[in-house]
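This report concerns only the one structure given below.
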């Protein structure tokens, strides 16, 4: 979190529309940049504010001509690392910073640039949120044990996940669900509601039928 505080969300950012990936706050994602227009986007972003928004393409985008429609609620991150390849492509690491709404596009070609407005998390009940975070943390550790080759070992989550909001975003990113359901979670600004939804999803994923609370 300390690393993120030194960054302020800019008013305009480049927008990278993708068919199956969502950028959640405080989550890092690797991206492969290979199309010429997005190579240009990366080059100009690195000499500019270093921020990129990831926008999920809407259902049926394959059947429509460009520009493909995408969701207005996006994850905005900054380019944390870049590896430039000899063929002109690049591998980058994008660090999620905040959720935002696209107010309007100021450019569509060769790549999209949009004016954005931040959408902060809302906490209805902090005490309830902390309790829900404890439940979610326990379920997430159970999930890790199920996929581990050493399920009996002690699992310690990174210290960043002690923050309930960060935990909820990380679990949202790792959830084994349809990307459009993940988009719904991204758009859920009420942290208490999001936490309850994630608990239900993890219970369905890891607990036998009939044992969920």
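Condition first: within 22 Å of residue 101 (Cβ to Cβ), touching a helix residue (DSSP H, G or I) at 6+ places or on another chain (Cβ under 9 Å) and in a loop (DSSP other than H, G, I, E, B). Can you find one or more residues in the range 184-199 that meet it?
Yes, the range 184-199 contains a residue that is within 22 Å of residue 101 (Cβ to Cβ), touching a helix residue (DSSP H, G or I) at 6+ places or on another chain (Cβ under 9 Å) and in a loop (DSSP other than H, G, I, E, B).
Given (1) loosely packed, with under 14 Cβ neighbours inside 10 Å; (2) touching a residue at least 12 places away in the same chain (Cβ under 8 Å); (3) assigned to a strand (DSSP E or B), identify the lone condition not met by residue 77.
Going through (1) loosely packed, with under 14 Cβ neighbours inside 10 Å; (2) touching a residue at least 12 places away in the same chain (Cβ under 8 Å); (3) assigned to a strand (DSSP E or B) one by one, residue 77 breaks only (1).
If you take the residues in the range 199-213 that are closer than 10 Å to residue 140 by Cα and within 22 Å of the chain's Cα centre (by Cα), which one is modelled with the highest pLDDT?
Initial filter on the range 199-213 (closer than 10 Å to residue 140 by Cα): 199, 202-203, 206.
If we keep only those that are within 22 Å of the chain's Cα centre (by Cα) as well, we get 199, 202-203.
Details: 199: 96, 202: 93, 203: 92.
The selected residue is 199.
Answer yes or no: is there a residue in the range 2-13 that is surrounded by 14 or more Cβ atoms within 10 Å (Cβ to Cβ), under 30 Å from residue 164 (Cβ atoms), free of Cβ contacts under 8 Å to residues at least 40 places away in the same chain and not assigned by TED's automatic domain parsing to the domain that holds residue 173.
Let us first name the residues in the range 2-13 that are surrounded by 14 or more Cβ atoms within 10 Å (Cβ to Cβ), namely 4, 7, 9-10, 12-13.
When the remaining residues are screened for being under 30 Å from residue 164 (Cβ atoms), the result is 4, 7, 9-10, 13.
Checking which are free of Cβ contacts under 8 Å to residues at least 40 places away in the same chain leaves us with none.
No.
Would the range 133-156 turn up any residue that is under 20 Å from the mean Cα position of the chain (by Cα), surrounded by fewer than 18 Cβ atoms within 10 Å (Cβ to Cβ), in a loop (DSSP other than H, G, I, E, B) and modelled with pLDDT under 95?
no
Please work out if residue 8 is at pLDDT below 95 and more than 20 Å from the chain's Cα centre (by Cα).
Numbers: at pLDDT below 95: yes; more than 20 Å from the chain's Cα centre (by Cα): no.
It is false that residue 8 is at pLDDT below 95 and more than 20 Å from the chain's Cα centre (by Cα).
On the basis of being in contact (Cβ under 8 Å) with a residue 12 or more places away in the chain, closer than 25 Å to residue 21 by Cβ and loosely packed, with under 15 Cβ neighbours inside 10 Å, does residue 166 make the cut? Spell out the reasoning first.
Values: in contact (Cβ under 8 Å) with a residue 12 or more places away in the chain: yes; closer than 25 Å to residue 21 by Cβ: yes; loosely packed, with under 15 Cβ neighbours inside 10 Å: no.
Against the criterion (in contact (Cβ under 8 Å) with a residue 12 or more places away in the chain, closer than 25 Å to residue 21 by Cβ and loosely packed, with under 15 Cβ neighbours inside 10 Å), residue 166 does not qualify.
Give the range 81-106 a look and list any residue that's in contact with a helix residue (DSSP H, G or I) (Cβ under 9 Å, 6 or more places away or on another chain), farther than 15 Å from residue 24 by Cα and assigned to a strand (DSSP E or B), or say none.
Residues satisfying the conditions are 82, 90, 92.
With 44, 28, 66 as the choices, which residue is under 16 Å from the mean Cα position of the chain (by Cα) and surrounded by fewer than 18 Cβ atoms within 10 Å (Cβ to Cβ)?
Details: 44 fails: under 16 Å from the mean Cα position of the chain (by Cα); 66 fails: under 16 Å from the mean Cα position of the chain (by Cα).
Of the residues listed, the single one that is under 16 Å from the mean Cα position of the chain (by Cα) and surrounded by fewer than 18 Cβ atoms within 10 Å (Cβ to Cβ) is 28.
Residues that are in contact (Cβ under 8 Å) with a residue 12 or more places away in the chain, in contact with a helix residue (DSSP H, G or I) (Cβ under 6 Å, 6 or more places away or on another chain) and not in a helix (DSSP H, G or I): does the range 116-123 have at least one? If you could, list the steps in order and put the result at the bottom.
Narrowing the range 116-123 to residues in contact (Cβ under 8 Å) with a residue 12 or more places away in the chain: 116-123.
Right, trim to in contact with a helix residue (DSSP H, G or I) (Cβ under 6 Å, 6 or more places away or on another chain) and you get 121, 123.
If we keep only those that are not in a helix (DSSP H, G or I) too, we end up with 121, 123.
Yes; the residues of the range 116-123 include at least one that is in contact (Cβ under 8 Å) with a residue 12 or more places away in the chain, in contact with a helix residue (DSSP H, G or I) (Cβ under 6 Å, 6 or more places away or on another chain) and not in a helix (DSSP H, G or I).
Restricting to the range 62-72, give me the number of residues that are out of contact with any strand residue (DSSP E or B) (no Cβ under 6 Å at 6 or more places or on another chain) and either in a strand (DSSP E or B) or closer than 16 Å to residue 112 by Cα (or both). Step through it out loud before you land on a result.
Step one: filter the range 62-72 for residues out of contact with any strand residue (DSSP E or B) (no Cβ under 6 Å at 6 or more places or on another chain), giving 62-67, 69.
Those still in the list that are either in a strand (DSSP E or B) or closer than 16 Å to residue 112 by Cα (or both) too: 65-67, 69.
Total meeting the criteria: 4.
The values are calculated or read from the model by the stated rules, or taken from the named source; none is laboratory data. These numbers were taken from a predicted model, which means no experiment stands behind them. Using ideal geometry, Cβ is built from the backbone for each residue, glycine included, and neighbour counts are taken over all protein chains shown.
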